[in-house]
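Engineer: Input: one structure, supplied below.
The values are calculated or read from the model by the stated rules, or taken from the named source; none is laboratory data. Since we're looking at a predicted model, the values are computed, not measured. Cβ atoms come from the backbone with ideal geometry, glycine included; neighbour counts cover every protein chain shown.
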Amino acid sequence: MRYRVVHTTRYAYGAPVVLAHNEARLQPRATARQACALSQVTIDPLPAVVATREDFFGNRVLYFALQDAHDRLVVTASSEVEVAAPAPVALDAGPSWEAARARLASPDEAEARAARQFVLDSPCAAAGADVRAYAEPSFVAERPLLAAVADLSARIHRDFRFDPESTTVATPVSEVLAQRHGVCQDFAHLAIACLRAMGLPARYVSGYLETLPPPGQPRLQGADVSHAWFAVHAPGIGWVDFDPTNDLLPDERHVTTAWGRDYADVTPLKGVIFGGGAHTLEVAVDMVRLDD
Amino acid sequence: MSETRPSAPSDLLDGYRPGAGYDECVEPAGRPRAHWEYLLRALQGLGPLELGQRRREARRMLREHGVTYNVYDDAQADERLWPLDPIPLLIPSAEWQAIEHGLVQRAELLELLLDDLYGDHTLVARGLLPPEVVYAHGGFARPCVGVPAPGGRNLPLYAADLARQPDGRLCVLGDRAQAPSGAGYALENRLVLARVLPSLFRDSHVHRLPPFLRRLRAMLAALAGDADEAPHVVLLTPGPGNETYFEHAFLASELGCTLAQAEDLAVRDERLWLRTLEGLRPVDAVLRRVDGAFCDPLELRGDSLLGTPGLLQAARAGRVALINPLGASAVENPALLPFLPALSRALLGEDLALPSVATWWCGDADARRYVLAHLAELVIKPIDQHGSARSVFGDALTTPQRQALAERIAARPHAFVAQERVPLSTAPTWIDGRLEPRAMVLRTFLAADRDGYAVMPGGLCRVAPTPDSLVVSNQRGGVSKDVWVLASEPEREVGVLVPAAHPLPVERGGQEVPGRVADNLFWTGRYAERAESAARVLREALRRALDLDAAPFDPHLPMLLRSVTFVTGAYPGFAGPNAPALLGAPDAELRALLFDATRQGSVRFALDALARAARAVRDRFSTDTWRVLGALQREFGEPLNLDDALERLDRLLLLLAAFGGLSADSMSRGQRWRFLEIGRRLERGLDGIAMLRGLCPPGVEPAAVPWESVLVVADASITYRRRYRASADPAAVLDLLLDDETNPRSVVFQLIQLDALFDGLGGASAAERTAERALLRNALAELRRGVAPGGRALDRTLDESLGRLQELLAAISDALATAYFSRGARPQQLVRVV
């Protein structure tokens, strides 16, 4: 499937900002089944400095600085992405979750060594006793790893109410667990923390999901949103994505932007500003099929 | 006579009873080690009384140099005098060579580790390091991967804490790579000890430290880039509240750096800039004493208020050298220690020369089993000490506590190490008039340039405060020692200033004044003057109030006390509704106005504020000036009674005069002096007006004003008597105090001085610059308008005019703040993540 994704972020400041340093992770990375033919970011006002790089996880980072007084910031990322459907995953095949965990510790597997940093706690997804208690019912003895993870993802979908008003990005996992509602970031963080509590490597994936209008109605522009899900590392298979918000395995409708240990590693747009007073923020995402 | 000891040192060592462990000074049999004999004999020659005297002399010097450190969680005395033992630690030349070799090898190894972690990152992939060792330690900063090292050096500064094991071999207790502290204290210790034991120091052939200081300068120059001009280096400090702030100021001044805080800096165009009064000035290198994680709120800790957003990007662009680089603390990780021998063989092809303290990383299954079986004998540490977690001594735990610890380790084994408890060696320490053995740790310092490492020939030795304590830390009352590495032959004396290899371009800079610094200098001037004004008026009031026979009948005392309230600004005081009662028994109020640090306007309050403002710009004052500031602080300590207050006020005024004289005579006439002087002039004008308003209330009868006291407080008696001889004439006194352009304490004199000082101010925008000048013109006009043809009259308009003048001067202060003291605003995050 081919898409054009336009992601617009608009800040309006109550007082002039005299200096702003920003980092954007808005340009889809290349993956095994995703190619990004075209991607550009326009910034208004025009930044004094722009620099691109790849971060530690291989994500595309755009640094920019605004050095003259300004009262707004509009960042528009436009990308054309081609996503292939994933190879079918047999959830019940493959090693048990205990075997997968044991293979991680084996000193001979370079691939396992690379995955092991994702077992460790990270700022937004740390494994506590409450998280482990929630995770354990999915990890019954000898259950195949991917089946256990799919069960966890399904339980999160079932047990938690999607409530876009309910949380900010900064909601700790324990709070989400206690409140039983949240947004896609929260569900991804919870699942990641659950996997880490079981000693398994999990990472956070940020991107977009195509939303289809109800039958017979036109698609609304800007109605899409940025999305987040998680992936688990399965020995011999690699990273497998799960979308707990929608209880499905991400397919060609999921566009991947970046991945890391949690949201803090892949924040789409962050910045530190001098001045600015209070500000308002609007975000609009448009995801359009280019296929005919 | 005992046969086992040579005769001379024996008395001094009588009663010196080291425990079973290794003692630095005496052999197990009790005989002094050969390299201590000369020192012991010389100390014996001095005798205990003289040695005690030298120790006091050392303390005096340290106090006068203002050598302090801050103790956290200690609101009472946040700044403590640096404790120095008069007995140095001695290390023979041959042993030092081996130590040096081991330290250089270790620094090279740790630097190779950093090169890999922040470069190709292959050690983990090749299986030489378990991923958890690297990634579970907060020092490893992913954003720093790929950032080029300044001058190719990832570990320009390195320090290691050494301890001596019972077999006499040294081992490394811990590695310091973040922003190693202590080198400045070591230099200061040497400065002091070489002066209190001059002949002993000279004859002991001690390796000199100044070459290391030169090495640090060379390192900064080499790593700051290949600019033709002298590089601009700042020393980044968290501020005066930091534990080792003294050292930051000391090193900044020794190394010729600008002492800067985050608010003084900004990144633009991927360059780092210092905000000065003249505008932005580019910075080539940062010697940082702020932890790396706090240095850039864009890419590292977003909650940091000590950082400069964009700093890491500037380093990534190769346009600023960060020393050390922001990710360097990745090697301050005790979990690395068990892997160093193998890494040394793999990366250097050499065996590790200097062993680490025996360490088990619990992430390894065998090590974990050992640790869990031997908890009681070990020290258990979280590998990341940044959080609330701390080291625990296994033997100090109850059985349930030990069980709980074992469970915590089992749950997150990779997060813990266990270490052997090294029985520290003891070194002779001067305690209560004799030598006693105390456990010691030695911190050593290394600095790199493009070619390699140099080791400071010496270091900072710290000893435990009590005989049985094995914890050696300044935070817990430890004492420091100078470290004498004994050369086989004397070295030439070398100072810090050496002839430059190339002629240095004439440096007219060294004058970068950030707004924060201008602000603090301005207030240093104001508070010094305020303390003086308060002291002068209080001295006169006390003189009359303490004359118990005359005071009850002194018709002028109430007016004088009223003026005390006006000058100190401690309203309502003697000017409020409660005045009659206070005037009847003024002692408590006077005592408060002298000594109460919490009473705004008191002398003590002004002195504290003066100390705070001066401390914040400590590197800007000479040692002599700092000595006077230190003496000022002590003058108004305990006891807080009025008995000797007059003498103390006399001494205080002398010290303030010394401070004023030093700044007048020894500060170059740049912007710093200018702001200090503006503060002083403005305050003197304000205080002079306040005194007159206090003494001459609207409608007062001339006879009710204590004119003699007015002249005494204004230090104008002599001039007045010489001119007028006759008794006090209000018009003549007012002329002298307000309008006489030749009287350096008159108000008009201050305004004329300010006018000249404003001429030299640059920097701020033209519109801002005109504000204080316009106000000053108005003030001069106001002052001149008050002079009637026959001289000033003591009428109602005088007080009104002085009131307006006061407001104008206060407005000038505000205008200066707007134009020059604007601090860098606090940055804010667009997105709050954690």
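Engineer: So which helices (runs of 4 or more DSSP H) are wholly in the stretch B:713-795 and hold at least 1 residues that are in contact (Cβ under 8 Å) with a residue 40 or more places away in the chain?
Structural biologist: Of the helices (runs of 4 or more DSSP H) lying wholly inside the stretch B:713-795, those with at least 1 residues that are in contact (Cβ under 8 Å) with a residue 40 or more places away in the chain span B:730-734, B:747-759, B:766-785.
Engineer: Right, something else. Scan the stretch A:34-45 and tell me whether some residue there is away from every other protein chain (no Cβ under 14 Å), more than 24 Å from the chain's Cα centre (by Cα) and more than 30 Å from B:Arg412 (Cα to Cα).
Structural biologist: Yes, because at least one residue in the stretch A:34-45 is away from every other protein chain (no Cβ under 14 Å), more than 24 Å from the chain's Cα centre (by Cα) and more than 30 Å from B:Arg412 (Cα to Cα).
Engineer: Checking the conditions here, which among B:Pro697, B:Pro706 is of a type outside the set (S, T, N, Q) and surrounded by fewer than 22 Cβ atoms within 10 Å (Cβ to Cβ)?
Structural biologist: Of B:Pro697, B:Pro706, the one residue that is of a type outside the set (S, T, N, Q) and surrounded by fewer than 22 Cβ atoms within 10 Å (Cβ to Cβ) is B:Pro697.
Engineer: Name the residue that is surrounded by the most Cβ atoms within 10 Å (Cβ to Cβ), counting only residues in the stretch A:196-209 that are under 16 Å from the mean Cα position of the chain (by Cα) and among the hydrophobic types (A, V, I, L, M, F, W, C).
Structural biologist: A:Ala202
Engineer: Which residues, counting only those in the stretch A:250-266, are at pLDDT 95 or above and in a loop (DSSP other than H, G, I, E, B)?
Structural biologist: A:Arg261, A:Asp262 - these are the residues of the stretch A:250-266 that are at pLDDT 95 or above and in a loop (DSSP other than H, G, I, E, B).
Engineer: Strands (runs of 3 or more DSSP E) wholly in the stretch B:304-419 with at least 2 residues that are within 14 Å of chain A (Cβ to nearest Cβ) - which ones?
Structural biologist: Where strands (runs of 3 or more DSSP E) fall fully within the stretch B:304-419, none carries at least 2 residues being within 14 Å of chain A (Cβ to nearest Cβ).
Engineer: Looking at (1) modelled with pLDDT of 85 or more; (2) assigned to a loop (DSSP other than H, G, I, E, B), find the lone condition where B:Leu504 falls short.
Structural biologist: Against the list (1) modelled with pLDDT of 85 or more; (2) assigned to a loop (DSSP other than H, G, I, E, B), B:Leu504 comes up short only on (1).
Engineer: I would also like to ask the following. Can you pull out the residues in the stretch B:442-462 that are outside any loop (DSSP other than H, G, I, E, B), at pLDDT 95 or above, touching a Gly at 6+ places or on another chain (Cβ under 9 Å) and over 12 Å from B:Asp85 (Cα atoms)?
Structural biologist: Selection gives B:Leu442, B:Arg443, B:Thr444, B:Phe445.
Engineer: Right, next: Please specify each residue of the stretch B:643-666 satisfying the condition of being among the hydroxyl-bearing types (Ser, Thr, Tyr) and in contact with a Phe, Trp or Tyr (Cβ under 8 Å, 6 or more places away or on another chain).
Structural biologist: Scanning the stretch B:643-666 gives a single hit, B:Ser663.
Engineer: Please go through (1) among the hydrophobic types (A, V, I, L, M, F, W, C); (2) at pLDDT below 95; (3) not in a strand (DSSP E or B) for A:Leu26 and return the number of the only condition it doesn't satisfy.
Structural biologist: Every condition holds for A:Leu26 apart from (2).
Engineer: Within the group A:Asp151, A:Asp163, A:Asp121, A:Asp159, which residue is within 14 Å of another protein chain (Cβ to nearest Cβ) and acidic (Asp, Glu)?
Structural biologist: A:Asp121
Engineer: Mind listing whichever residues of the stretch B:145-173 are buried (at least 22 other Cβ atoms within 10 Å of the Cβ) and within 14 Å of another protein chain (Cβ to nearest Cβ)?
Structural biologist: Selection gives B:Val147 alone.
Engineer: Got a sec? Which of B:Ala588, B:Ala581, B:Ala611 is of a type in the set (A, V, I, L, M, F, W, C), free of Cβ contacts under 8 Å to residues at least 24 places away in the same chain, in a helix (DSSP H, G or I) and surrounded by 13 or more Cβ atoms within 10 Å (Cβ to Cβ)?
Structural biologist: Result of the check over B:Ala588, B:Ala581, B:Ala611: B:Ala611.
Engineer: Just to be sure before I move on: is B:Leu90 of a type in the set (A, V, I, L, M) and more than 18 Å from B:Leu340 (Cβ to Cβ) in the structure I sent?
Structural biologist: yes
Engineer: Next question. Looking at B:Gly699 and the list (1) closer than 22 Å to B:Ala664 by Cβ; (2) not in a helix (DSSP H, G or I), which single condition is not satisfied?
Structural biologist: The single condition B:Gly699 does not satisfy is (1).
Engineer: Same structure, new question: Can you name the residue in the stretch A:264-281 that is at the interface with chain B (Cβ under 8 Å from one of its Cβ atoms) and under 21 Å from A:Ser122 (Cα atoms) and is also surrounded by the most Cβ atoms within 10 Å (Cβ to Cβ) among such residues?
Structural biologist: Within the stretch A:264-281, the match that is surrounded by the most Cβ atoms within 10 Å (Cβ to Cβ) is A:Gly271.
Engineer: Does A:Glu54 satisfy the condition of being farther than 24 Å from A:Arg196 by Cα and away from chain B (no Cβ under 14 Å)?
Structural biologist: Answer is no for this residue.
Engineer: Looking at A:Leu212, A:Leu248, which is the one that is under 19 Å from A:Arg2 (Cα atoms) and free of Cβ contacts under 8 Å to residues at least 40 places away in the same chain?
Structural biologist: A:Leu212
Engineer: Of all residues being touching a residue at least 60 places away in the same chain (Cβ under 8 Å), more than 29 Å from B:Leu460 (Cα to Cα) and among the aliphatic types (A, V, I, L, M) in the stretch B:255-303, which is farthest from the other protein chains (Cβ to nearest Cβ)? Just the residue, please.
Structural biologist: B:Leu277
Engineer: Condition first: in a loop (DSSP other than H, G, I, E, B), surrounded by fewer than 21 Cβ atoms within 10 Å (Cβ to Cβ), in contact (Cβ under 8 Å) with a residue 24 or more places away in the chain and not small (Gly, Ala, Ser). Now tell me which residues in the stretch B:208-227 satisfy that.
Structural biologist: Answer for the stretch B:208-227, where residues must be in a loop (DSSP other than H, G, I, E, B), surrounded by fewer than 21 Cβ atoms within 10 Å (Cβ to Cβ), in contact (Cβ under 8 Å) with a residue 24 or more places away in the chain and not small (Gly, Ala, Ser): just B:Arg208.
Engineer: Still on this structure, please answer the following. Considering only residues that are crowded, with 21+ Cβ neighbours inside 10 Å and of a type in the set (Gly, Ala, Ser), which ones fall in the stretch B:770-812?
Structural biologist: B:Ala779
Engineer: Another question, if that's okay. Quick check on this structure: which one of B:Ala252, B:Ala230, B:Ala186 is assigned to a loop (DSSP other than H, G, I, E, B), more than 14 Å from every other protein chain (Cβ to nearest Cβ) and among the hydrophobic types (A, V, I, L, M, F, W, C)?
Structural biologist: Step by step, each of B:Ala252, B:Ala230, B:Ala186 is checked, and only B:Ala230 is assigned to a loop (DSSP other than H, G, I, E, B), more than 14 Å from every other protein chain (Cβ to nearest Cβ) and among the hydrophobic types (A, V, I, L, M, F, W, C).
Engineer: Here is a further query. Quick test for you: out of B:Arg142, B:Arg176, pick the one residue that is at pLDDT 95 or above and within 10 Å of another protein chain (Cβ to nearest Cβ).
Structural biologist: Matching residue, one of B:Arg142, B:Arg176: B:Arg142.
Engineer: Among the residues of the stretch B:430-465, write down those that are of a type in the set (Ser, Thr, Tyr) and surrounded by 24 or more Cβ atoms within 10 Å (Cβ to Cβ).
Structural biologist: B:Thr444
Engineer: I would also like to ask the following. Looking at (1) over 30 Å from A:Leu146 (Cβ atoms); (2) away from every other protein chain (no Cβ under 13 Å); (3) in contact (Cβ under 8 Å) with a residue 24 or more places away in the chain; (4) over 21 Å from the mean Cα position of the chain (by Cα), which is the one condition that is false for A:Ser96?
Structural biologist: Unmet condition: (1).
Engineer: Return the pairs, sorted by first residue and then second, in which the second residue is surrounded by 23 or more Cβ atoms within 10 Å (Cβ to Cβ) and β-branched (Val, Ile, Thr), the first residue lies in the stretch B:667-678 and is within 10 Å of B:Gly760 (Cβ to Cβ), the beta carbons are less than 7 Å apart, and the residues are 6+ apart or on different chains.
Structural biologist: Going by the 7 Å Cβ cut-off, the qualifying pairs are B:Gln671/B:Val513.
Engineer: Sticking with this one: Can you run down the residue pairs with Cβ atoms below 6 Å, 6 or more apart or on separate chains, where the first is in the stretch B:17-28 and touching a residue at least 24 places away in the same chain (Cβ under 8 Å) and within 14 Å of B:Gln165 (Cα to Cα) and the partner is of a type outside the set (Lys, Arg) and exposed (fewer than 14 other Cβ atoms within 10 Å of the Cβ)?
Structural biologist: What qualifies is B:Gly21/B:Pro166; B:Tyr22/B:Pro166; B:Tyr22/B:Gly168.
Engineer: Regarding B:Pro240, is this residue within 13 Å of another protein chain (Cβ to nearest Cβ) and under 25 Å from B:Asn520 (Cβ atoms)?
Structural biologist: Here the answer is no, as B:Pro240 does not meet what is asked.
Engineer: Assess whether B:Leu84 counts as being under 21 Å from the mean Cα position of the chain (by Cα) and at pLDDT 90 or above.
Structural biologist: Yes; evaluated as a whole, the condition is true for this residue.
Engineer: Looking at the stretch A:1-25 only, could you name the residues that are polar (S, T, N, Q) and within 14 Å of another protein chain (Cβ to nearest Cβ)?
Structural biologist: A:Thr9, A:Asn22
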